[in-house]
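Beneath this line is the structure, given in structure tokens, with notes to follow.
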Amino acid sequence: MGTLIKSISFQNFYNYYGSYEDNTYTFTEGINIINADNNMGKSKFFNGFLWILRDEVYDSDEKKYYPVSVSYYKMMSAKARHESAELEMGVRVIYENDGKTYNVCKSVICKKQDEDWVYQARTDVMKTEGNDDLPLLDKDEKLTAIRCLIPAEMEKYSLLQGESMERLVDLSTLDGLEKTINVLADINNLIKMCGLASDLVKQAKKSYQEEEKRNKEADDGIIRLRQERDNYDKWIEEAKEKIGLARKESVEAKEKEQQYESEFFSSKKRIQLRKEYDDECRKLKELKDTHEQQELSITSRLFDENCPWILYGLDDETSIFDDHRITLTKQIAKQEIQDNPDIMLPEGSPDAPSLKRMLEHQWCEVCNREALRGSEPWLHIKKVMERPKKPMRVSDSFMQFYGDIQKSTGRYETTIPNIAADYNNYMSDILDLEDKIEQQGIIVETKENELTLVGSENTTDEDDRRVLAGYNLAKKTQEEKAEEIQRYSSKIDLWKKGLDKVKKELDKRQGSTPIRKAKQLYEDMQIVESIFYKTKERIFEEIVSKLQGTANDMYGALTKGNQTLGGTLNFERQENGTVKVSVTNSFGEELFGNGTGFQRMKQLAIVMSIISSKVGNKSFEYPFVSDAPFSEFSWNFIRNFFDIAPNVFRQSIIMIKELCEPNNPELLINKHGEDIAEKMRTGVIKGTFYVNYPEEKADASNLVTKKKCYSE
């Protein structure tokens, strides 16, 4: 079995201008290289295989795959299109499969009518067996023959384009590696046999039950035992189905856990940081609000009659003002005394200045007698001066405030000296608030930076809470499913004991020949089913047990000579039967952050090691066709691949640019390419080496690709 491509030919296909004969590439077993610089036809070459296998092409402008039916105009050679209003475009592949040779040609007749092009497509398939050439006319027969080139289940591993190498093995799901092993190690056929054996068991069981029903000698006791047996069978089967479903749901939950796990701690951190950030922002706002209120209180403080800031620095002015007032009032009083000798004090006395003067002079002007310091009269005067003042309305009008000052300065006598201290306390509070605001601003900025570092700009709190909820639900689901599996497993054990007891009783009571034969067939089919299942499991276990060593050998060979180590591949069979692969460092810790080249080599190493771990034939029996697989690789990686690939892939067809020497039109290939070509010419490496080059310098609309073979 397997396929070997003998040649591929193009006619007026993209920049492959001219006939099939002009653009034929012949291949052998081993490594077949199509070396081409940018825009020299590597992806177009790969599109030829896509057209044959999938009726689609890759549009490098839009980075998408499109059906050929909507791509004919782009697929046509621009040079051929400009030279003629009618042309044929096509791709032809000749390959061998299982002793037969197939010639598959997909072509389109392109005709220009007025300003539009019309297309007529056709598919021709010729099968050669021995000396007989047989054209295949049936559509299904053609499709079957084309799929002999590369089967659909193998296409993922056989037809690679650039970054698709990173997805060779789906390591994002727990059963991704298991599926790869089943396909590449040819276990799928064995899995199908297990399914067929299971169907045979069901049919044998049905025949056995029907034979029992035909037994007319069955009494009520036998009927009751049969019903009891059938109930046990039913319960056990239902429990097995529930266990299978629980395992599937557990695997899905585990995959969800792994999906959420990378974001779980970041989401948890972001939620905590957002809360801390909001708290710090609230504190900053409270400080700013307090600062704003303090600033707004300046107006009222300026005209506060108990401690008016507007009088700041006027400590002596009240005395001066009062002296003038006293002089004036004395003159008035002198005149008044002449008119009324009983009046001894100025009008409005005793006011604060008068009381202050009496204390200083130790003389009571009310009684007109001595009031020595510390005496009862002196203390009384002091008490009167310091008596509580009646609260006064705060004015925000300067004119009104000034008018009140004009009336009396007495009430400011004791408050003006306190203005400086009150102002200094206010400014101290303001400056303290500003310091706190500045410090709080730094805290808020720090929290904001911490949030940015954990990706808060790309997520919302709702997104993160969804991650936490999903992660916790996945963990809870796994626990619940584990309990469910254990519960049903215990029930199955109990029911099997009851079933065995009932079967033994039935065997004693119903022993007709037809029933015994039907029962024996049923039991034989169960044994066959068990054999297939155990064989599958044994082969799978053998492959997995060998896989770690083989994969690391392959990984080491691919990365040999590199300046950094790529880690160690670890394969671990899970309880649910799936296989988990991880990369660890020298400390046994999981390794993250390897470059793209290492990631692609890891995938390739896994695939190549699975193929090498197969039972029987240890090579990949279908062509390994890859477009620019080494775009992220160093020359060291490339050389290592060329060294070991022939031992794994029977035939490789590699489109590559890393061996080009575009600045030297005579050589076309660099020293690495020349080394490979020389090894091919001397038989050290089996394969072919083609180099694409332009017929003449032109843009894409008039480009013609020519080829030169360096391996001959």
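The values are calculated or read from the model by the stated rules, or taken from the named source; none is laboratory data. No experiment lies behind these values; they were computed from the predicted model shown. Note that we place each Cβ from the backbone using ideal geometry, even for glycine, and neighbour counts take in every protein chain shown. For the accessible areas, the whole protein counts, side chains as well, though only heavy atoms, and no ligand, DNA or RNA atoms are used. Shrake-Rupley method; radii C 1.70, N 1.55, O 1.52, S 1.80 Å.
In terms of distances greater than 21 angstrom between alpha carbons, the cross-link table entries K6/K192; K234/K256; K242/K481; K44/K686 yield K6/K192; K234/K256; K44/K686.
Go ahead and run the numbers for FRET between N458 and Q258, Cβ-Cβ distance against an R0 of 25 Å, rounding to 0.05. If you can, show how the numbers build up before the last one.
On the way: r = 21 Å, r/R0 = 0.82.
After rounding to 0.05, the efficiency reads 0.75.
Between D114 and H380, the simple label model (points 7 Å from Cα in the Cβ direction) yields a spacing of 12.7 nm. Counting Lys and Arg as +1 and Asp and Glu as -1 over every other residue whose Cβ lies under 13 Å from the Cβ of A36, the net charge comes to +2.
Treating each Cα of the range 442-570 as an identical point scatterer and summing with the Debye formula, the log10 of I(q)/I(0) at q = 0.13, 0.15, 0.19 Å⁻¹ comes to -1.00, -1.05, -1.12. In plain terms, if you count all Cα to Cα distances in the range 41-157 and split them into 5 Å steps from zero, the share in each step is 2, 10, 19, 21, 18, 14, 9, 5, 2, 0 percent. For the range 118-161, backbone nitrogen atoms closer than 14 Å to the point 7 Å from E96 Cα along Cα-to-C-beta are found at 128-131. Using the alpha-carbon positions of the range 1-69, Rg (one decimal) and Dmax (whole number) come out as 12.9, 38 Å.
Placing W235, W378 in order of accessible area, with the largest value first and a 1.4 Å probe, yields W235, W378. In this structure, T513 and D199 have a Cβ-Cβ separation that, at R0 = 22 Å, corresponds to a calculated FRET efficiency of about 0.25. The solvent-accessible area of E62, taken with every protein chain present and a 1.4 Å probe, is close to 90 Å².
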